[in-house]
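Peer 1: Sending over a structure as structure tokens; questions will come in a sec.
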Amino acid sequence: MTRRSVALFAAAAISLAPAVLRAQDARLDARLDARTRDAVVSLIDSARAEGIPSEPLVQKALEGASKHADGSRILTAVRALSRELGDARAALGPTSTEAEVIAGASALHVGIAPEALAHMRASRAHGSLTVALAVLTDLVARGVPGDTATTVISALASAGAQDAELLRFQQGVERDIAQGATPSAAVGVRAQSAFPSAAPRRTP
Amino acid sequence: MRQHDEFAGKEPDDDILERAVNELRRPLRVNAALFDARVMDELLRTPTGLRERFESLVRPRTFRISPLVAFAAGLLFTVSIAGSVLYVLSSTPPARERTVARTVPGAPMVEFGFAAPHASSVALVGDFNNWDPKATPLRAASTGGVWSVEVPVPPGRHLYAFVVDGKVWRPDPAAPKATGEDFGEPNSALTVADPRGGR
């Protein structure tokens with residue numbers, strides 16, 4: 001990238017940034033009371049300064065407004081999400097994409113340890129972890145123990161499973177659970193059949 | 001004391017008692033023919049056939065009941081009817097729901113479906129449309145009560161829900177439920193893969 005193109009990019013970013021900020025403020029203006037909006041904007045500004053994705057915070061505030069939550073509850077939720085996004089970004093590394101950070105925050109929200117995210121990042125340094133983290137989150141939300149889900153999804157991700165395969169894996173597990181299998185058994189059987197090397201080893 | 005003096009020496013109680021005992025000891029004389037005739041007459045008047053039984057059921061009768069008991073019976077009747085109606089209303093599912101959220105191949109478009117035969121409107125809300133109930137209304141199919149809409153959703157993990165009749169928030173019954181209901185209304189989770197292929 002030449003010095004001229006860098007300058008052009010910087011100029012474009014500087015000129016577009018206020019428009020983006022105004023758009024965000026406009027959305028919040030219309031849906032939040034002034035006091036809540038100011039507090040949310042302050043949180044968003046802090047997050048943005050730390051390199052944390054801000055759009056999920058705006059959406060969280062808008063979700064609360066649509067559900068008629070009071071201002072303090074909206075602030076609590078936005079603050080918690082900001083913390084989880086920051087932790088996810090720290091675990092996944094500064095090169096992680098915004099989608100990965102959002103999916104990582106969801107994983108942390110269901111109880112996955114930051115170390116597990118870092119391990120997944122290390123085992124898949126050059127591929128996207130977005131779908132893997134989303135599948136991990138949804139499996140845990142479905143009742144699969146966190147360590148089991150982490151082991152299986154990490155193994156699948158490091159074995160080179162593609163996003164479509166991970167989504168099919170999740171759908172299969174959910175189908176098995178719906179038909180009466182326990183979440184742990186469903187994950188184990190599916191992992192064994194799809195990727196024998198990725199299935200969790202059973203202790204004798 | 002005066003009363004005792006008036007009946008002194010006559011012993012009226014003993015006399016009355018003796019006469020009553022004698023009357024009871026006297027054999028009862030029954031005219032057998034007349035007795036049999038009265039019994040048979042009574043038996044014939046007793047309803048035995050189907051018609052007689054029906055007539056006995058529909059024949060007006062007069063009951064005597066106190067106002068308090070009548071009020072209590074009326075109250076019990078009203079409460080039982082109201083309870084039955086409330087039970088039926090509460091146990092009846094509001095709508096049969098079926099939903100399909102699928103990624104349309106070749107583009108990050110997702111088709112959402114929601115069955116609500118009795119709804120007058122269904123809207124999609126999520127973190128891809130600012131959670132705005134007016135932004136993405138679903139269209140009702142001509143039959144079956146299934147509502148659907150197809151919208152672009154960027155790759156990644158998203159939260160969403162449906163708003164029925166502008167006020168009732170419903171998660172997608174066919175999708176994973178998202179944990180962490182920050183605002184009391186459950187959401188569903190949707191993961192959209194990057195159509196360019198993600199690894």
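The values are calculated or read from the model by the stated rules, or taken from the named source; none is laboratory data. Quantities reported herein were computed from a predicted structural model and do not represent experimental measurements. With ideal geometry, Cβ positions are generated from the backbone for all residues, glycine too; neighbour counts draw on all protein chains shown.
Peer 1: Check whether at least one residue in segment A:183-199 is in a loop (DSSP other than H, G, I, E, B), within 17 Å of the chain's Cα centre (by Cα) and either on the phi < 0 side of the Ramachandran plot or at pLDDT below 90 (or both), and report yes or no. Let's see the steps before the verdict.
Peer 2: Of the residues in segment A:183-199, the ones in a loop (DSSP other than H, G, I, E, B) are A:195, A:199.
Now drop any that are not within 17 Å of the chain's Cα centre (by Cα), which leaves none.
The answer is no; no qualifying residue exists.
Peer 1: Restricting attention to segment A:150-190, report how many residues are of a type in the set (Ser, Thr, Tyr) and farther than 11 Å from A:Ala132 by Cβ. Step through it out loud before you land on a result.
Peer 2: Our first condition is that a residue be of a type in the set (Ser, Thr, Tyr); within segment A:150-190, this holds for A:150-151, A:154, A:158, A:182, A:184.
Checking the rest, the ones that are also farther than 11 Å from A:Ala132 by Cβ come to A:151, A:182, A:184.
Matching residues across segment A:150-190 total 3.
Peer 1: Hey, any hits in segment A:110-119 for a residue that's within 15 Å of the chain's Cα centre (by Cα), assigned to a helix (DSSP H, G or I), assigned by TED's automatic domain parsing to the domain that holds A:Ser193 and within 29 Å of A:Leu62 (Cβ to Cβ)?
Peer 2: yes
Peer 1: List every residue pair whose Cβ atoms lie under 8 Å apart, where the two residues are 6 or more positions apart in sequence or sit on different chains, the first residue falls within segment A:67-81 and is within 14 Å of B:Glu181 (Cα to Cα), and the second residue, located anywhere, is among the hydroxyl-bearing types (Ser, Thr, Tyr) and crowded, with 20+ Cβ neighbours inside 10 Å.
Peer 2: The qualifying pairs are A:Ile74/A:Thr36.
Peer 1: Within segment A:122-138, can you find the residues that are assigned to a loop (DSSP other than H, G, I, E, B) and either under 9 Å from the mean Cα position of the chain (by Cα) or more than 7 Å from chain B (Cβ to nearest Cβ) (or both)?
Peer 2: Within segment A:122-138, A:Arg124, A:Ala125, A:His126, A:Leu129 qualify.
Peer 1: Quickly run through segment B:135-163 and pick out the residues that are within 14 Å of another protein chain (Cβ to nearest Cβ) and under 33 Å from the mean Cα position of the chain (by Cα).
Peer 2: If the condition is that a residue be within 14 Å of another protein chain (Cβ to nearest Cβ) and under 33 Å from the mean Cα position of the chain (by Cα), then B:Ala161, B:Phe162, B:Val163 are the ones that fit.
Peer 1: Looking only at segment B:160-187, which residues are out of contact with any strand residue (DSSP E or B) (no Cβ under 6 Å at 6 or more places or on another chain), surrounded by 17 or more Cβ atoms within 10 Å (Cβ to Cβ) and at pLDDT 90 or above?
Peer 2: The answer is B:Phe183, and nothing else.
Peer 1: Please find, within segment A:44-60, the residue that is surrounded by the fewest Cβ atoms within 10 Å (Cβ to Cβ) out of those that are under 17 Å from the mean Cα position of the chain (by Cα) and small (Gly, Ala, Ser).
Peer 2: Among those residues, the one meeting the criterion is A:Gly51.
Peer 1: Only one of B:Ser142, B:Ser148 is crowded, with 17+ Cβ neighbours inside 10 Å, more than 29 Å from A:Asp25 (Cα to Cα) and assigned by TED's automatic domain parsing to the domain that holds B:Glu185; which?
Peer 2: Result: B:Ser148 is the single residue among B:Ser142, B:Ser148 that is crowded, with 17+ Cβ neighbours inside 10 Å, more than 29 Å from A:Asp25 (Cα to Cα) and assigned by TED's automatic domain parsing to the domain that holds B:Glu185.
Peer 1: Look at A:Ala155 and say whether it is surrounded by 15 or more Cβ atoms within 10 Å (Cβ to Cβ), outside the structural domain of A:Arg48 (by TED's automatic domain parsing) and without any contact (Cβ under 8 Å) to a residue 24 or more places away in the chain.
Peer 2: no
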